[in-house]
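Chemist: Below is a structure I'd like to ask you about.
The values are calculated or read from the model by the stated rules, or taken from the named source; none is laboratory data. The model shown is predicted, which means the values in this text are computed figures rather than measured ones. Cβ: placed from backbone, ideal geometry, glycine included. Neighbour counts: every protein chain shown. Areas reflect the complete protein model, heavy atoms only, side chains present, ligands, DNA and RNA absent. Shrake-Rupley method; radii C 1.70, N 1.55, O 1.52, S 1.80 Å.
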Amino acid sequence: MTTGRPLLTLVPEDVVIPVDRLTFLVPARRFQVEGTLLKNGYVSLATEYAMRLLRDAGELTHGELGAFLGFSDGETRTLVQELMLDGYLDAFDDRIRLASKGESAFDPVTGELSLLDIETFSERVTLDLVSFAPLDEAGSVRLPWIADLEIPNKEKAAAASKEGTQGFRSNFGEWRDRRFKSNGNSPIRLHTISGDAVPLGRSTVPLSVPIMYTPSQGDGIDPDFTFLRERGRRDARRDLIEALNGAVKRMVAPGDHANGASFAASWDGGVLVGPGRTPTVNPLSWLQFAARPEPMPLPVEIAPSVRLGGSVTSPGFLSRLSAFLDGVPGPETEGVPVIWLPATHAAWGASADLVEVSRTIKESLSPKAGIVLMPRSDDEERSKRDLQRAYGGGRDGRYAPLFDTCVVVPANLFPLSLELIVQPGSWAVALLHIPSRDGFPIPVGYATRNVEVVGAICRAISGIVVTLKEAAVAWASHHGDAASVLADLEHTLEK
């Protein structure tokens, strides 16, 4: 007997589906590290001790040398044989002494053993303040909307000199392979570190983490830390991975997804409403439908349309949307902006890729009027300043804004889990952010060019705009005053 529910075997189980791509600003610090590198030659301390002991004692038996080093008779004879073959030792009967080559291996002034090819180094390295492992500086990247990763062990981070020294020592192989472009088989070894590493300036380094859905793992969502696990020595970034994973797990959907699906049903006929007693569609089934080479079609009532899965910053979202809109004429009237009501949760837009999404929409989909961001927030000056710093031109207006206009919307007027992106008279995107098993928001939805549906979405937004006061306008790049922003927005939505 069939139940009408979609099966969870629509794609192979080993396929992974990207849901999001989050960026975290990892607290880091630069350190000045100085010391010496052993580039080749004898690296064993036992070798050095044996040579120094023989220089001071004159000559020793195999047993006396082995007793000092704590070696067995076989280990002692192997060491002696190696040094003899290289001409550093002479042996007669059972006694050993330095050969002339061995005597000349010591610097007569400093006593330094020149068996070793030692090179000094002075380097500035950047280590994260969680695992104290090397990070690649990204230059002057400005991502003001991205939150700093919380440091779980602040005492460890505060002991910067000690932990920085240990971090460099533990991860020396990774630094060496990058510095000398080796494949991990370099003979270069760390010989000494001169004192402790000197802490320099603090910074934050952006790290982007793919968030994946794997059908074989049920309805869970997992961050993909492969790029960190495979770098350097084993478990070098274990603490950092745990901190990042914890930050992802704390990102949860708003929880009003049933209301969001019902709200959207007024224009899409219930596309996002689940069957029977299920409040919404199954997000993981939807993702699998959307991931097929030919995504399963949506009801004709919203056609032409295309099924979408994942956030606006997930890999492939822009290409799917752009392909759907390719060749579609824009609004009849020039200067119609794209209006964007984001969902409200910590994961929305928390990605460096939001820059590319914004740029693509402004350059390809709305080249003249830009984007009007309508986030859920109050209209107090402090809230608007925070939005200006994150998405506008900064508090002093020196930067190019990520969004051209910002009009805040009270949280109680619209389901927090529903995200809408619309260009009036042309196209619209509706995404419902549904919690996964562990609460992480999974965006599922569609893009449509259906004139009636686009118009209904615009009317729903217009119903909110008409209630707003001028204080709701946080900034506007294309208008001189707040009143004209709201008037133009109302006029645009009524078309």
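Chemist: Suppose we filter 489, 420, 432, 416 for residues that are of a type in the set (A, V, I, L, M), in a loop (DSSP other than H, G, I, E, B) and either in contact with a Pro (Cβ under 7 Å, 6 or more places away or on another chain) or within 25 Å of residue 268 (Cα to Cα) (or both); which single one remains?
Modeler: Just a single option satisfies the conditions, and that option is 416.
Chemist: When residues of the stretch 465-486 are filtered for being over 36 Å from the mean Cα position of the chain (by Cα), buried (at least 21 other Cβ atoms within 10 Å of the Cβ) and not in a loop (DSSP other than H, G, I, E, B), how many remain?
Modeler: Selection size over the stretch 465-486: 0.
Chemist: Does residue 146 satisfy the condition of being more than 15 Å from residue 35 (Cβ to Cβ), at pLDDT 90 or above, surrounded by 15 or more Cβ atoms within 10 Å (Cβ to Cβ) and aliphatic (A, V, I, L, M)?
Modeler: Yes: the conditions hold for residue 146.
Chemist: Against the conditions (1) within 24 Å of residue 208 (Cβ to Cβ); (2) of a type in the set (A, V, I, L, M); (3) not in a helix (DSSP H, G or I), where does residue 355 fall short? Just the number, please.
Modeler: The one condition residue 355 does not meet is (3).
Chemist: Follow-up. In the stretch 120-143, how many residues are more than 16 Å from the chain's Cα centre (by Cα) and either at pLDDT below 85 or open to solvent by 60 Å² or more (accessible area, probe 1.4 Å) (or both)?
Modeler: 4
Chemist: Here is a further query. Sort out which residues of the stretch 311-329 are at pLDDT 90 or above, assigned to a helix (DSSP H, G or I) and open to solvent by less than 20 Å² (accessible area, probe 1.4 Å), and write them in order of number.
Modeler: 317, 321, listed by residue number.
Condition check ((1) touching a Leu at 6+ places or on another chain (Cβ under 7 Å); (2) modelled with pLDDT of 90 or more; (3) open to solvent by 30 Å² or more (accessible area, probe 1.4 Å)) across all residues:
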| position | (1), (2), (3) |
| --- | --- |
| 172 | yes, yes, no |
| 177 | no, no, yes |
| 183 | no, no, yes |
| 187 | no, no, yes |
| 190 | yes, no, yes |
| 202 | no, yes, yes |
| 216 | no, no, yes |
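Chemist: Would you pick out the residues in the stretch 438-454 that are part of a helix (DSSP H, G or I) and either farther than 19 Å from residue 419 by Cβ or open to solvent by 30 Å² or more (accessible area, probe 1.4 Å) (or both)?
Modeler: Within the stretch 438-454, 451, 452 qualify.
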